[in-house]
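> This structure is in structure tokens; I'll ask about it shortly.
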Amino acid sequence: MKIAILGSTGSIGTQTLEVVRAYSDELEVTALAAGSNVDLLEKQVREFHPKIAALWSKEKADELRTRLRDMDVRVVSGMEGLLEVATVSDSKVLVTAIVGMIGIRPTLAAIEAGKDIALANKETLVCAGHIIIPIAKEKGVSILPVDSEHSAIFQSLNGERHNKISRILLTASGGPFRGKTRKELENVTVEDALKHPNWSMGQKITIDSATLVNKGLEVMEAKWLFGVEYDDVEVVVQPQSIIHSMVEYEDGAVIAQLGTPDMKLPIQYALFYPNRRYLSGDRLDFSILNQITFEKPDMDTFEGLKLAYEVGREGGSLPTVFNAANEYAVDYFLKGRIAFLEIYEMIKSCLSAHTKIEKPSVEDILNTQSWVEDYIKSRYK
């Protein structure tokens, strides 16, 4: 099977290529796109021989083109480059491992071109689920979740689609600051926030895990992926990250997916669905697993989750504001320009100042993102 990858040099992208490497007789890479990591993308192109390679910046793309002049590969840049990677003619699946709202247009283009989507880009459904899902159904395209929790839900629904769901139990590790008070969070550092207890992820998603914004985005994504209402999605803190999520049915039965924290499992499951393949790595050892514990999330301290529920229920353009404001807030925090708790304040400020658009088009969504950027730049000099 031939695949294309958006975000090939990031955490999900590189792990996707590990799966390709393990199953090189069954998987072939036809196109790769990255942000700015010329060195790593060059290595990936030389190893996997895609037809197309893309970098966001034209200057970086020019540098890559010069480095790869001995190879038969087309090097492209910008949004046009991402669209070309997303719609490359001979790929069957597009892995959307790119971070941020930049993934919306390429994902839509891939769906329009009849590609199945291995979805690791939360923002696509958070901001444009009302557009994406109907088009995917119309085109007969599968959207296969790569996110660990959504993959767990997807697996727990296998063979049960005709049965009524009572609720989705979306698990969370609680992040590096689980159990801390707002007072204790006032002076935490970037280094503190990047120390996730269980998962190895990129910087942005690791900070989102610390604020519980990531879990809020996952709640919004679950609404669209599984066709449920917000009241049907309950977040449960499971600190050991052994249970990746659960589904409760109307008879009270709860089906869960368990495993060690390894993102290659959901990646591989999405690429080979409905079949499973051998995956090397640690296995759960129930003889030494002492306990699996559960807690309620502290939505007063970690406001990201509470805000996500509120924004999701309101709908319209507010999820876009929530997501875009968080992207900029996390960037400011990582650069040391704001404190950890100011991430929430920046999001709330943008939500308060925005005039909601009821049914935003893709253009409205992108304009809303631009509005958020302008608002933040004017307010946070």
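The values are calculated or read from the model by the stated rules, or taken from the named source; none is laboratory data. It should be emphasised that the depicted structure is a prediction, and the values quoted were computed from it without experimental measurement. Note that we place each Cβ from the backbone using ideal geometry, even for glycine, and neighbour counts take in every protein chain shown.
> For M79, all conditions in the list (1) surrounded by 20 or more Cβ atoms within 10 Å (Cβ to Cβ); (2) without any contact (Cβ under 8 Å) to a residue 40 or more places away in the chain hold save one; what is the number of the exception?
The failed condition is (1).
> Looking at the range 108-122 only, could you name the residues that are of a type outside the set (D, E, K, R) and over 13 Å from the mean Cα position of the chain (by Cα)?
Of everything in the range 108-122, those that are of a type outside the set (D, E, K, R) and over 13 Å from the mean Cα position of the chain (by Cα) turn out to be L108, A109, A110, I111, A113, G114.
> When the range 45-62 is examined, which residues are found to be more than 16 Å from I3 (Cα to Cα) and either more than 24 Å from the chain's Cα centre (by Cα) or in contact (Cβ under 8 Å) with a residue 60 or more places away in the chain (or both)?
Matches in the range 45-62: R46, K58, E59, K60, A61, D62.
> Got at least one residue in the range 326-336 being more than 22 Å from the chain's Cα centre (by Cα) and touching a residue at least 40 places away in the same chain (Cβ under 8 Å)?
yes
> Given the condition in contact with an Asp or Glu (Cβ under 8 Å, 6 or more places away or on another chain) and on the phi < 0 side of the Ramachandran plot, answer yes or no: does some residue in the range 192-205 qualify?
yes
> State the number of residues belonging to the range 177-201 that are under 19 Å from the mean Cα position of the chain (by Cα) and at pLDDT 90 or above.
2
> For the range 291-322, name all the residues that are under 22 Å from P176 (Cβ atoms), in contact with a Ser or Thr (Cβ under 7 Å, 6 or more places away or on another chain) and not aromatic (F, W, Y).
If the condition is that a residue be under 22 Å from P176 (Cβ atoms), in contact with a Ser or Thr (Cβ under 7 Å, 6 or more places away or on another chain) and not aromatic (F, W, Y), then T301, G304 are the ones that fit.
> Quick one: in the range 259-317, which of the residues that are more than 30 Å from V362 (Cα to Cα) and β-branched (V, I, T) is surrounded by the most Cβ atoms within 10 Å (Cβ to Cβ)?
T301
> I need the full set of residues from the range 338-380 which are of a type in the set (S, T, N, Q) and in contact (Cβ under 8 Å) with a residue 12 or more places away in the chain, in order please.
S349, S361, T368, Q369
> So N163 fits all but one of (1) surrounded by fewer than 18 Cβ atoms within 10 Å (Cβ to Cβ); (2) more than 18 Å from the chain's Cα centre (by Cα); (3) not in a loop (DSSP other than H, G, I, E, B); what number is the exception?
Among (1) surrounded by fewer than 18 Cβ atoms within 10 Å (Cβ to Cβ); (2) more than 18 Å from the chain's Cα centre (by Cα); (3) not in a loop (DSSP other than H, G, I, E, B), N163 violates only (3).
Yes/no per residue for (1) charged (D, E, K, R); (2) modelled with pLDDT under 95:
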position: D72; (1), (2): yes, no
position: V75; (1), (2): no, no
position: L83; (1), (2): no, no
position: V88; (1), (2): no, no
position: V99; (1), (2): no, yes
position: A113; (1), (2): no, no
position: S142; (1), (2): no, no
position: S151; (1), (2): no, no
position: G159; (1), (2): no, yes
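> Here is a check on your reading of the model: is G100 on the phi > 0 side of the Ramachandran plot and either in contact with a strand residue (DSSP E or B) (Cβ under 6 Å, 6 or more places away or on another chain) or not basic (K, R) (or both)?
Yes; evaluated as a whole, the condition is true for this residue.
> Across the range 137-160, what is the total count of residues that are of a type in the set (G, A, S) and outside any loop (DSSP other than H, G, I, E, B)?
Looking only at that region, the number is 4.
> What residue, among those in the range 1-37 that are of a type in the set (G, A, S) and in a helix (DSSP H, G or I), is nearest to K204 (Cα to Cα)?
Only one residue fits best here, namely S11.
> Before we move on, is D70 assigned to a loop (DSSP other than H, G, I, E, B) and more than 27 Å from Y273 (Cβ to Cβ)?
Yes: the conditions hold for D70.
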